[in-house]
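Worksheet for the structure shown next.
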Amino acid sequence: MTALPQSTKTKLGLVIDLDTCVGCQACATSCKEWNTGGYSAPLSDMDPYGKDPHGAWLNRIHGYEVGNGETSRTVHFPRSCLHCETPACVTVCPTGASYKRAEDGIVLVNPDTCIGCKLCSWACAYGAREYDYADGVMKKCTLCVDRIYNEHLPEEDRVPACVRACPTGARHFGDLGDATSDVSKLVAERGGYDLLPEMGFKPVNKYLPPRPKRDGSTAAQPAPSQPVAIADPTSALERVFAWADRTLSR
Amino acid sequence: MREAHVATSVSPADEIKKTTCYMCACRCGIQVHLKDGQVRYIDGNRDHPVNKGVICGKGAAGIMQHTAPSRLRAPLLRVGERGSGQFKEISWDEALKTATDWMAEVRARDPKRFALYTGRDQSQSLTGWWAMQFGTPNFAAHGGFCSVNMAAGGLYTFGGSFWEFGEPDWEHTKYFMLFGVAEDHGSNPIKIGLGKLKKRGAKVVSINPIRTGYNAIADEWIGVKPGTDGLFVGALIHELFRTEQIDLDYLVRYTNAAHLVIQDTGAKDDGLFARNAEGKILSWDRTSNALADAMRTDISPALVGEFTLHDGRKAVPAFRLMAERYLSSEYAPETVAKEVGTTAETIRRIAAEMAHVAFKETVTLDIPWTDWAGRRHEKIVGRPVAMHAMRGISAHSNGFHTCRLIHVLQILLGTIDVPGGFRYKAPFPKHAPPGNKPAGKHEQIKPNTPLPGMHLGFVHGPEDLLVDTDGRPSRLDKAYSWDAPIAAHGLMHMAITNAGLGDPYPIDVMFLYMANMAWNSSMNIAATLDYLTAKNPDGTYKIGKIIYSDAYSSEMVAYADLILPDTTYLERYDCISLLDRPISEPNGPADAIRYPVVKPDRNVRGFQDVLIDLGSRLNLPGFTNADGTARYPGGYPDYIVNHERSPGIGPLAGWRGKDGDTFGMGEVNPKQLDRYIENGAFHLHHLKPDQRYYKHANKGYLEFAKSVGFVGNTEPIIFQLYSETLQKFRLAARGHGAIQPPDSHRQRIERFFDPLPYWYAPFEGTMIDQAAFPMHAITQRPMAMYHSWGSQNAWLRQIHAANRLYMSRERGAALGIVDDDWVWITSHIGRVKCQVKLMDGVNRDTVWTWNAIGKRSGAWALDKDAPEAAQGFLLNHLIAELLPPREGGYRYSNSDPVTGQAAWYDLRVRVEKASAAEQGETSPRYEAITSPVPAPTSAVSNFGRSFNKERT
């Protein structure tokens, strides 16, 4: 069993805006593309051109509907490791391969000591771990640990690949342990929330909820200033003619 | 416990090369990270005007596109029957000689019996010019089944168009309306824009039968029935008239609303604009109470009333005709709500919200500008309502008029090219309609002789049609004939059908590029395959020879006689030209290149290199020097730099001139490509702040546009609310003029060439038994696969390997259908079996699916039982390419009657549960085709392992 650090210097994580995510998969393939050649390399694909193509992805996007009928809405939900403060996936690890970094709180798997027992994936309530069937070890979101400190990248690119890619700007990266950081302020402003808080894992990543709809059910009704139906089209036409019969300058 | 060492600062690249993506038609800037001679990673170029650094789901899967096993490996010559997939590899010399022999013979005999159709071509200014030099009238790309309703609807109305020709002012818009499926066009730019609107809290309204993708994040979703958008917009226009919320000042300055329309039933100029002796259009000046040149700036033009012309006849302002049309009860919210699938209340509320934002929340920029007449304005004022529309409008037989209705709505609110509205992207605006006419009249087609002009232009009246004295089309696809007079993109979707039927004439050599016409790019696949393989009594094929160029082993490959294998997008030169489909942004014109960032590992050549080579082998004038030598011996890059379309204007506008210091017009710069490569493979010219809005009437902009050849003169661009061009066709149908439609077509032209846009029901629903086919069926492309060749992509196919038919829960319950049930979808021409998924966010009269997921067994180097083939399906099998016979048995194409746009969203179906014995597999399943490149046998891909030195 593996111990957790007493505390971490920072709590790096993602803030994902469900109000803005269109489910385009840019974050998923950017993640796959970076990480299949990075710290977690490879993210193997089984039967890639065959009957049952499946592989290791560190970030997957789910689209589903919530609510019923009139109140129903479509939500796109990106799912990856939440880098919990008290992650069971770490504490169940028999070899110490799964660990939480004291420096920044990132939860990582050391592929050299992972024995592929899959206990961690059973322990994770969020389904965020991915077993690599070809490589025989567990893979997971590294928060692009090999990007965010990478001195070979321009400073503005030292963010996870998913954040760098996101076309709608629905993904944000920063220190959620610092109340003054942009991500913490965003969470405060928008009512960012934890997934399954009752489980007690204290996820670092936060989700911003979809904003309320502004449709017929919520919109302020403009006062009908004129009769609603045109009882007599001719008179309506005459009214418009009278209105438009004015001096206009070119 | 000590933490393991983590290498946090490994260099991801030995070299980063910036080029242009080609995973779809957005053409984003990308950075290709190369390591150990391989592509390690691709991300977005932050400096690029299109994507500003972001990348999409496809673009980030580019590595798998570049390395796909389905890549063709060498030129191929068919050895078995057409469709058998039996080929032998041949040398490029043999391939080019074979192609040249076939084409040279036709060119010397009758060049129209050669056709070049180029699918998802991003080099139409080259391919079109090549076909022009060849002398065939038969050239088009895929616009006829994609977006010609949008292009023509916009260009004939305000000289711009949605998507490539303009975009919402994302910085200032406060109210955004999104019509029809849009996820499959303007991918990253729209996503970036939606992100900005969300951040600012602007309201987003989606009008779409389906609530997925962009529509899912809209503040309000209006789930209309397919094909009724025009009715919805007509009702919004009705409301603006009824509530007197129209920008009348904008109308008299920038539109033809105040132009006088002759009212003289039966006369040859009835419905045309009244003109004075000098040919100037007239308005009525309220100040002098007299007729006056409508363009004079010192008049106060009347918008209503009836006036007497000098010859005693009556005329009324176009605005008056509009008021009469749109105020009629036909467009009242109460009348249309049920047909549209919404409520009258909703329509009235949306109209009120739009009008409120337009008139009460104006945006003002403190930038002085000068209008076309030389008048200085201290500020730029805008009405911040913006709109975007795409496929869901385009792919209906009423799409042209529906698109025009949306533009009329924008114009009545005063929102074109203003802050917060819809902004042009250079080289647009053009004068409406643009001045270039289509070439390819019968008398212009001569052996071994180029056409006098380019193919895809804009007709201004019946005299510009490409028909003979009996009204017969000169083009294979019948573009610019009475069947489709304003077919500004051609009708690629009819090329194979018409060639197979020999209607209007047979084709001896058909050359296709990058278009999967034997599968997901054709309507009615079974018939298309019959046409591709049909033989004459003497055993020869009806379509004599088929040459095909593609990078991948698509379904089309098996149906060609000669295959010219193309490169991937990372191995090639390309030119994204302002002469073609622009990538400009509203603040300035932009163009771009691709250049080879890796070398091909196969015996393949870029299509454009091959085309240029063939051009000189055929001695086409534009490709051959006077001494018979090749004009562009260096291939495509040589052409890109050295070709001049007119003096000083070439494929690329940036860094022209000997020293590379001029933009737009200037002599050839031998170092031009180097400058593009240094700059990230693109060039962006920044317009001055006072040139950026009101471009249609902005002196500074128009003078700039003329100086670089975007427009021919600096006259203001007048919005054609009332289209005189359409009325000219109508007059021809009424028996006026030298060029008239055949009697069989008169009624159709009379009806659909209405000078004011209107709504009519899409054709298919009116021609079949609606009780037997009660549902609408449409498709959309998933964002991760839009416009791409995604099925062979190992990553993308893990996201979408098979598709379902989506249906509303309510409808499912009524039909006794639950999730995962297998059903038959039946149309008037066929049926398809597939699996269902129920949802709430879909109009209850509509079913839909993801398009182009279904593949034919054996294609794309996939396993024969891949989910794409076994469970994936296409609606194409259900969509007729021809409408049912009418008017004496003649069958029109299933297309918009004005533009010829393929009407594949008109489809009507019924859905029934399949029997217990029919579960598990889609139908129809065609016999597997033999692919010249085999499916890989490896069960694992561990791409990327070699980049991780820590573990290898």
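Figures for the structure shown
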quantity: Selection from segment B:807-818 of residues that are under 20 Å from B:GLN780 (Cα atoms) and touching a Gly at 6+ places or on another chain (Cβ under 9 Å); calculated: B:SER808, B:ARG809
quantity: Unique residue being at pLDDT below 95 and of a type outside the set (Phe, Trp, Tyr) when the list is A:GLY116, A:GLY96, A:GLY67; calculated: A:GLY67
quantity: The lone exception for B:GLU239 - which of (1) on the phi < 0 side of the Ramachandran plot; (2) open to solvent by 40 Å² or more (accessible area, probe 1.4 Å); (3) out of contact with any Ser or Thr (no Cβ under 8 Å at 6 or more places or on another chain) it fails; calculated: (2)
quantity: Strands (runs of 3 or more DSSP E) fully within segment B:801-841 counting 3 or more residues that are touching a Leu at 6+ places or on another chain (Cβ under 9 Å) and hydrophobic (A, V, I, L, M, F, W, C); calculated: B:831-839
quantity: Selection from segment A:138-158 of residues that are in contact (Cβ under 8 Å) with a residue 40 or more places away in the chain and either on the phi > 0 side of the Ramachandran plot or surrounded by fewer than 19 Cβ atoms within 10 Å (Cβ to Cβ) (or both); calculated: A:LEU143, A:CYS144
quantity: Residue ID - farthest from A:ARG171 (Cα to Cα), chosen from residues in segment B:179-210 that are aliphatic (A, V, I, L, M) and not in a strand (DSSP E or B); calculated: B:VAL181
quantity: Of all residues in segment B:921-952 being open to solvent by 40 Å² or more (accessible area, probe 1.4 Å) and among the β-branched types (Val, Ile, Thr), the one that is nearest to the other protein chains (Cβ to nearest Cβ); calculated: B:VAL940
quantity: Subset of segment B:11-40 (residues that are in contact with a helix residue (DSSP H, G or I) (Cβ under 6 Å, 6 or more places away or on another chain) and at the interface with chain A (Cβ under 7 Å from one of its Cβ atoms)); calculated: B:ARG40
quantity: Strands (runs of 3 or more DSSP E) contained in segment A:1-85 and holding at least 1 residues under 13 Å from the mean Cα position of the chain (by Cα), under 24 Å from B:PRO867 (Cα atoms) and more than 7 Å from chain B (Cβ to nearest Cβ); calculated: A:60-66
quantity: Among (1) crowded, with 23+ Cβ neighbours inside 10 Å; (2) at the interface with chain A (Cβ under 10 Å from one of its Cβ atoms); (3) over 26 Å from the mean Cα position of the chain (by Cα), the one test that B:MET783 misses; calculated: (3)
quantity: Which listed residue is assigned to a loop (DSSP other than H, G, I, E, B) and within 25 Å of B:PRO582 (Cα to Cα), from B:VAL408, B:VAL418; calculated: B:VAL418
quantity: Unmet requirement for B:GLY128, which otherwise passes all of (1) within 27 Å of the chain's Cα centre (by Cα); (2) on the phi > 0 side of the Ramachandran plot; calculated: (2)
quantity: Within segment A:59-74, tally of residues that are open to solvent by less than 70 Å² (accessible area, probe 1.4 Å) and in contact (Cβ under 8 Å) with a residue 24 or more places away in the chain; calculated: 4
quantity: Tabulated pairs, segment B:416-427, first touching a residue at least 12 places away in the same chain (Cβ under 8 Å), second acidic (Asp, Glu) and open to solvent by less than 10 Å² (accessible area, probe 1.4 Å), C-beta under 7 angstrom, 6+ apart or interchain; calculated: B:PRO419/B:ASP169; B:GLY420/B:ASP169; B:GLY421/B:ASP169; B:ARG423/B:ASP169; B:ARG423/B:ASP417; B:TYR424/B:ASP417
quantity: Elements of type helices (runs of 4 or more DSSP H) contained in segment B:667-755, each with 2 or more residues being touching a residue at least 40 places away in the same chain (Cβ under 8 Å) and in contact with an Asp or Glu (Cβ under 9 Å, 6 or more places away or on another chain); calculated: B:699-707, B:724-733, B:743-752
quantity: Subset of segment A:176-189 (residues that are away from every other protein chain (no Cβ under 12 Å), touching a residue at least 60 places away in the same chain (Cβ under 8 Å) and touching a strand residue (DSSP E or B) at 6+ places or on another chain (Cβ under 6 Å)); calculated: A:LEU176, A:VAL183, A:VAL187
quantity: Complete set of residues in segment B:312-368 that are part of a loop (DSSP other than H, G, I, E, B) and either aliphatic (A, V, I, L, M) or closer than 15 Å to B:LEU413 by Cα (or both); calculated: B:LEU327, B:ALA332, B:GLU361, B:THR362, B:ILE367
quantity: Residues that are surrounded by fewer than 19 Cβ atoms within 10 Å (Cβ to Cβ), out of contact with any strand residue (DSSP E or B) (no Cβ under 6 Å at 6 or more places or on another chain) and within 12 Å of another protein chain (Cβ to nearest Cβ), drawn from segment A:120-136; calculated: A:GLY136
quantity: Positions within segment B:392-408 being touching an Asp or Glu at 6+ places or on another chain (Cβ under 6 Å) and within 20 Å of B:TRP848 (Cβ to Cβ), in sequence order; calculated: B:ILE393, B:HIS396, B:SER397, B:GLY399, B:THR402
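The values are calculated or read from the model by the stated rules, or taken from the named source; none is laboratory data. Keep in mind that this is a model prediction, so the values were computed, not measured. Ideal geometry is used to build each Cβ from the backbone, glycine not excepted, and the neighbour counts take in all protein chains shown. Accessible surface is based on the protein model in full, side chains and every heavy atom, while ligands, DNA and RNA are left aside. Shrake-Rupley method; radii C 1.70, N 1.55, O 1.52, S 1.80 Å.
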